[in-house]
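J.: One structure, pasted below without further comment.
Each reported figure results from applying straightforward, stated rules to the coordinates on display, with no laboratory input. Quick caveat: nothing in here was measured; it's all calculated off a predicted structure. Here Cβ is always computed from backbone atoms with ideal geometry, including for glycine, and neighbour counts include all displayed protein chains.
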Amino acid sequence: MDAILRFFVGVIVLELVMWGMKSNFVAAFVGVLVCSGCATDLERRFQSHIDYLASDELTGRGVGTPGIELAADYIAAQFAEVGLAPAGENGTYFQTFSMTLDRRITEDSQLAFTGDSVERKKGVDFIPFSFSSDGAFKGGLTFIGYGIENADKNYNDFEDVDLEGSVALLFDGEPASWSDAEGNATRSAMLRNKIYNAKDLGAVAVLVVTPLPLPNWGDALPRFESHGSDDYGIPAMHISREMAGAVLEAGRVGNLDELQKTLDGGANASSQVAHVMASGQAGFETKSAPTRNVMGIYRGRGSLAGELIVVGAHYDHLGIRKPMMRRFSKGKTLSDAGTEVIHNGADDNASGTSGLIESARMVAAGGEMKRSVLFIAFTAEESGLHGSKHFVDSGAFGLPNMSAMLNMDMIGRVPSGARTVEVFGADTGDGLEGLVRPHAVRNGLEAEFAGGLGGRSDNASFDRKSVPAIHFYSGAHTDYHKPSDDSHLINAAGGAKITALVADLAIDLANRDGRVAFVRPKKVKKEAAPARSGTYRVVMGLSPGYGDDGQRGMAVDGVSPDGPADLGGLKAGDRIVSIGGKSVANVHDYMASTRKNKPGDSVEVIVLRGDSEVTLSVTLAASGR
């Protein structure tokens, strides 16, 4: 290739000279031609960090694995090389804490009601929630309807009952009439809110039963999700309708179906269940491991040096696991998701980590600054922002000293030919949007601002503590959380531009006379919490496009082989405009369109394929999850 390029350059130079062009013009032209594909030093360094962090050697940087420890050591060494001082514990670059990696239900898990002669089985009659606390409980049983207090609806399930020391039994969801035409429930239906309602009123455990199911759906319990470390501080279980109905009738509270009709009609049905004690245990085995945030600081000079601009990115990823994509056979969901493979996470988020290192290099080379700039590589973002939550809760450096936070998460896939960077959360700081825009232009980028959507990454931990916080993002792609998110797909030139933008903005914020004032963003209407804890009963087997590209319909980024969409004739590149007669403009419309369907239903799907509309029929599969 080099020889071919040199040959054509020689031919063009000869022609230019023959035309009488001046030698300096010819030299300049040749330089542009030869170096049009050359990478800058920043681009090469940006790519090289990703090549290492997203290599198989680091096995996907899963929390609690040797790979993530290698990554942490690498980042610390880079911080030292570029001139950052250690900002962790005991003169190191590390802030260490322990977190739960996995929870498994043990044989100790049990549930019994006095007077119930049936031998109850885990996984059939009851199952602990993954967020349940681990421990035994015992108390009188109290039925509390939906477990909701909603003044706007003049509704209170707690009016006539005393939960102190009781085991609370409640319906999932909310009165059916509260949902909108698409079946979207209000925030009152959120299970977390219900459990905390009962806990705050003195309940010792919470039992949740599914409301009247859709036709042919049955009484299946949800699958236990073993990953994660959430613990709501109270034992909590899902129990079958059969088990709940039997105890309520034995305790003369009433028939389960009739109780639900009473509640749906707006009346109160809460009652202590006479002469019934509930006892049990949500038994778990947990796996915990230490994990580390990596922290380095470039110290300011003068009276404002105690104030901080925080620049962050998470460096963990999914490790070795089964792919999250469902697998299908003849349109049916298979329970086996395949073999475990490395998820290298080149864009998510080796790219942001590389940007963190290189923005630190630029800041450290920028001379004296008024404020200090703290660089943090966060751990455990993928499992719930644990690293950034730990940092803001730890009191390190003091939250009042945090002037602003700049976050980079997935900055390595700027689309070819594009120059846009998506910026979330600029509305959390007074005038932040006006500060970002010129720095974007200076670095050859165009900033696209999205208000109210900044809570998807570590910047959210700062936003919730009233610190202005921005998230920089290069856009969605089909390799998100897939084994195919590898380093050869990175757009180093685009990522380098975003890195330079962040460094310029950090220096600007560090040297301003005044701080950017925090602004509580205006509430943006969010997707309402779906009924029944957000469990989607059916799937099509496709990867939806998450980005808003201004075109009609929702893009189909990929189709799972032998899945419902594949068998129905959908193809990658189609744009879904309608499902079951409901208009589809984005991923939210897509997810809501089949909310009321059950497995085996066939729905009409209209897609744009090129310039033509194509009508297809898709038979929906059970989610299998």
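J.: What are the radius of gyration and Dmax of the stretch 107-282, computed over its Cα atoms and given in Å?
T.: Every Cα atom of the stretch 107-282 included, Rg and Dmax give 15.1, 43 Å.
J.: What residues qualify as long-range amide H neighbours of Met99, i.e. H under 5 Å apart, gap of 5 or more or another chain, H built at 1.01 Å from N?
T.: Ala289, Thr291
J.: Please compute the alpha carbon radius of gyration of the stretch 535-622, then divide it by the globular-protein estimate 2.2 N^0.38 Å. Two decimals is fine.
T.: After normalising by residue count via 2.2 N^0.38 Å, the value is 0.96.
J.: Ok, one more. Compute the FRET efficiency between Ser416 and Arg192 as 1/(1 + (r/R0)^6), taking r as their Cβ-Cβ distance and R0 = 56 Å, and round to the nearest 0.05.
T.: Efficiency, rounded to the nearest 0.05: 0.85.
J.: May I ask for the equivalent-ellipsoid semi-axes of the stretch 76-173, computed as the square root of five times each C-alpha gyration tensor eigenvalue and listed largest first in whole Å?
T.: Equivalent ellipsoid of the stretch 76-173: 46, 23, 12 Å, largest first.
J.: Now for a different question. Residue by residue through the stretch 418-423, what is 3J(HN,Hα) from phi via Karplus (6.51 cos²θ - 1.76 cosθ + 1.60, θ = phi - 60°)? Round to whole Hz and write x for glycine and proline.
T.: So the J values, rounded to whole Hz, are 9, 9, 9, 10, 7, 10.
J.: Amide H of Leu406 versus every other amide H placed in the peptide plane: which residues, excluding those fewer than 5 positions away on the same chain, fall under 5 Å?
T.: Sorted by chain and number, the residues that satisfy this are Val310, Val311, Gly312, Ile470.
J.: Now for a separate question. Taking amide H positions as placed in the peptide plane 1.01 Å from N, state which residues far from Gly319 in sequence (5 or more) or on other chains have amide H under 5 Å from it.
T.: Amide H neighbours of Gly319: Arg61, Gly62, His343.
J.: If you count, for each residue, the other Cβ atoms within 10 Å and average over each peptide, how do 137-145, 203-211, 254-262, 557-565 line up from highest to lowest?
T.: Ranked by mean Cβ neighbours within 10 Å, highest first: 203-211, 137-145, 557-565, 254-262.
J.: Which distance in nm do the two modelled labels at Asn154 and Glu613 give, with both placed 7 Å along the Cα-to-Cβ direction?
T.: Distance between the two pseudo-spin positions: 4.5 nm.
J.: Setting aside same-chain residues fewer than 8 positions from Lys194, which aspartates and glutamates have a Cα under 14 Å from its Cα?
T.: Once the sequence-local aspartates and glutamates are set aside, what remains near Lys194 is Glu149, Asp157, Asp172, Glu174.
J.: State which entries of Lys287/Lys332; Lys122/Lys322; Lys153/Lys596; Lys138/Lys389 exceed 27 angstrom in Cα-Cα distance in the structure shown.
T.: Pairs exceeding the cut-off: Lys287/Lys332; Lys138/Lys389.
J.: In addition: Let me have the relative contact order for the stretch 535-622, percent, based on Cα pairs under 8 Å that are six or more residues apart.
T.: 31 percent
J.: Tell me, what HN-Hα J-couplings in whole Hz come from the Karplus equation 6.51 cos²θ - 1.76 cosθ + 1.60 at θ = phi - 60° for each residue of the stretch 352-360, using x for Gly and Pro?
T.: The phi angles translate into x, 5, 4, x, 4, 4, 6, 5, 5 Hz.
J.: Also, I was wondering about something else. Please list, in order along the stretch 290-304, the HN-Hα scalar couplings obtained from phi with the Karplus expression 6.51 cos²θ - 1.76 cosθ + 1.60 (θ = phi - 60°), rounded to whole Hz, x for Gly and Pro.
T.: x, 9, 9, 7, 10, 9, x, 9, 10, 7, x, 10, x, 5, 9
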